[in-house]
1. Label points 7 Å out from Cα along the Cβ direction at ALA229 and ASP354: separation in nm?
2. Is region 8-270 best put as rounded, prolate or oblate by its Cα gyration tensor, with a ≥ b ≥ c the root eigenvalues, rounded for a/c under 1.5, and otherwise prolate when a/b is larger than b/c, oblate when not?
3. Sum -39500 (n - 2.57) across every DSSP H segment of at least 4 residues in the chain, then divide by the residue count to get the 222 nm mean residue ellipticity, nearest 500.
4. Can you give the Rg and Dmax of region 11-147 based on its C-alpha atoms, in angstrom?
5. Setting aside same-chain residues fewer than 8 positions from LYS155, which aspartates and glutamates have a Cα under 12 Å from its Cα?
6. If amide hydrogens are placed 1.01 Å from N in the peptide plane, which non-local residues have theirs closer than 5 Å to the one on GLY663?
7. How do HIS410, HIS201 rank by accessible surface area computed with a 1.4 Å probe, from largest to smallest?
8. For the chain, which whole percent of the accessible surface, found with a 1.4 angstrom probe, sits on carbon and sulfur atoms?
Amino acid sequence: MTNELKGKVNYSVNGNIAILEVDNPPVNPLSSGVRAGLSEYIAKANNDESIEGIILTGAGRSFIAGADISEFGQKPDGPDLHTALKEIEFSKKPVLAAINGTALGGGLETALVCNYRMGTNKAIVGLPEVNLGLLPGAGGTQRLPRLIGPSQALKMMIAGTPMSAKKALQQGVIDAISENSLIDDAIAFLHEKIGLNLIEHPKVRDKNEKVLEARGDDNVLSEAKALAAKTRRGQFAPGQIIACVEAAINEDDFDVGMKKESEYFLECLVNPQREAMIHIFFGERAASKISDIPKETPLLPINSAGIVGSGTMGGGIAMNFANAGIPVLVLDQDEKNLERGMGVIEKNYQMMVDRGRMTQEQKDMVLGLITPTLSYEDLSDVDIAVEAVYENLELKQEIFKSLDAVTKDHAILASNTSGLDIDAIASSTKRPGKVVGTHFFSPANVMRLLEVVRGKDSSDETMATVMSIGKRMGKAAVVSLNAPGFIGNRMLAGYTYQANMLLLEGALPNQVDSALESFGMSMGPFRMMDLVGLDLGWRARKLANIETPLANKISDALCEQDRFGQKTSKGFYNYSEGSRAPNPAPENEAIYKEISSQNNIERREISDQEIIDRCILALVNEGARILEEGVAQRSGDMDIVYINGYGFPIWRGGPMFYANQLGLSEVINKMSAFSKLDENFWKPAPLLQKLADNSGAFGEAPAPEERAQLLSFNKANMGGV
Ligand code: 3HC
């Protein structure tokens, strides 16, 4: 093997069986050296007369994690994947895929060119290419429908969600599960097949029965189209996947289907959505790393957790721990609240059982890990305690004082605050190094985003441990410095400000929401405000005796008429009883007009493009400030925040990636056109201006020395958001 190629395949022989082991740590993607190794060793095994069968397996925890994603958009070295797979498929000796771990994308496609497939009971198989803006381009769209039927295959490829070995066996993706030693069982299986003296061992490409059954059945494709429209709005790849399966159903010649798959794959490859989604794949992995904390930092063992507060957030956070297999105590000082909170947790799990997302057995298992308690003393042994009460600094400080007194010295104390000063909370303890912010998003058991807030004293071990717990929970964890609004809510402020100003200037809520939803946002800002409740800000302003700012005048006026949003069935929209579907509220238009005129704002026609530009570029400009201050480590972190916490379309790669794609000088041009509306708001962040002047793009946060020159961060503003 030449040295420049990445990854390798190990070759060994056990009796009359050759064993090819893909070795490309940590997850064995099909990089150049792996493709070359497969070709070389399939030929070697075929040329060796003493060999009668071949086993293909993976080293370490993965079988093959798919094509090497870092190669997309680059010119790949070594042989191409199709050639290597063809050599496996047309091997003279039977080939068995011994699936020792994850077989994803090109990994499963490799297994599908083998004659037989056996997995361990921990094996996971799937075709997740759609999550990267791609389709399974190594025969998956042609072979999987032949194996499990077009309908199931389409569901699997559009969802992109992997399945367990047990399910894969039920569906016929694999032929057997090994309960003992995988390689021993695989050898025995192959010996049995060799003993049959078959003229030819089965090939998936020849199994035409299931695709022929679907020929002429329009439902198969129309159901898939409906699924794609519902779950993958705006995405390019799902339609291409459906077109490939259509070819699998209708083309008599397997190779014609394969040719179409290659054409459609190429179209995905050059589509900008592919680049955006791969940016998010690597961005999420980059976000989990903290630039100045060494990789080898020891993690503190987390075997038990405690949550303070049994409300919606506390309950959701407890579910996250339980789902990750960590026993968790839920503390509330009010017995009734605690009972109610546990009831909500039980109901949430039951809903998952009812929807087929978990079995009754799994529910009993996770629920059994959650224990209610009324006493702080019970938290004395936990490794981490997460406080999840309402936003009040004094209350949180009191709780941290109690936690500090009761828990062991090694325990991490985390606050689920959405905007309070972590350092101020840490100062109420004797262990500020163990204090950190964990900002979960509601509902915490569903939303993937977790902002991990780094206090000035949070230790390396604390940060590394909390990031690793985030990963165990399946969260997209992003580090934020302890600065007002952290990352997400700080960016959101400018976005909603612009939406509110557009309303004052002449747009209607429905127009603003529709424009942003067609841009790809999962929910427009006015629908979002109605969902959250317009009364929260209104009440807070009343309580603090603050005059209503211009941008909030309309929402406060709606509150004066008891239009609080969904909770009162009327806000910016009207809602019918029990429904969340918004209906226009023409009766509000008089209020909009009146408030515009009271404030000397002449209402005008506003284009959808202006709505999109003003709202999205508001995110970008604030994102640039967050980056120049080093509050976020890199621009990709903000993309992860917006996609996982705020409904930004993944296929646009997040707001900062979107700005890079647009070109930062174009961003500046658009912003300067808006500056006549509001000069102060549209002043470009110094970093944005600097990058635009140098034809640069957002990336890593500037080095600390450079930050000092750009910085505008004001700790005195720290407060609830
Ligand atoms: N190519 C290149 N690098 C990959 C990779 C791949 N397919 N899969 C994972 N990696 C890298 C990650 O970037 C990460 O690198 P880092 O350590 O430098 O950050 C490292 O491998 C470990 O990955 P994870 O942190 O994600 O490890 P986990 O153990 O948490 O998860 C996994 C393992 C489930 C395999 C997960 O990595 C994963 O989902 N990988 C992607 C699978 C996928 O989408 N495959 C399809 C690829 S496209 C394709 O096959 C096209 C074909 O149809 C032609």
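The values are calculated or read from the model by the stated rules, or taken from the named source; none is laboratory data. The structure displayed is predicted, hence computed values, not measured ones. All Cβ positions, even for glycine, are placed from backbone atoms using ideal geometry, and neighbour counts span all protein chains on display. The accessibility values were calculated without ligands, DNA or RNA, using every heavy atom of the protein model including side chains. Shrake-Rupley method; radii C 1.70, N 1.55, O 1.52, S 1.80 Å.
1. That separation, rounded to one decimal, is 2.7 nm.
2. Prolate.
3. One gets -14500 deg cm²/dmol as the mean residue ellipticity at 222 nm.
4. So, for region 11-147, Rg and Dmax equal 13.9, 44 Å respectively.
5. Output for LYS155: GLU223.
6. none
7. HIS410, HIS201
8. Percent of accessible area from carbon and sulfur atoms in the chain: 51.
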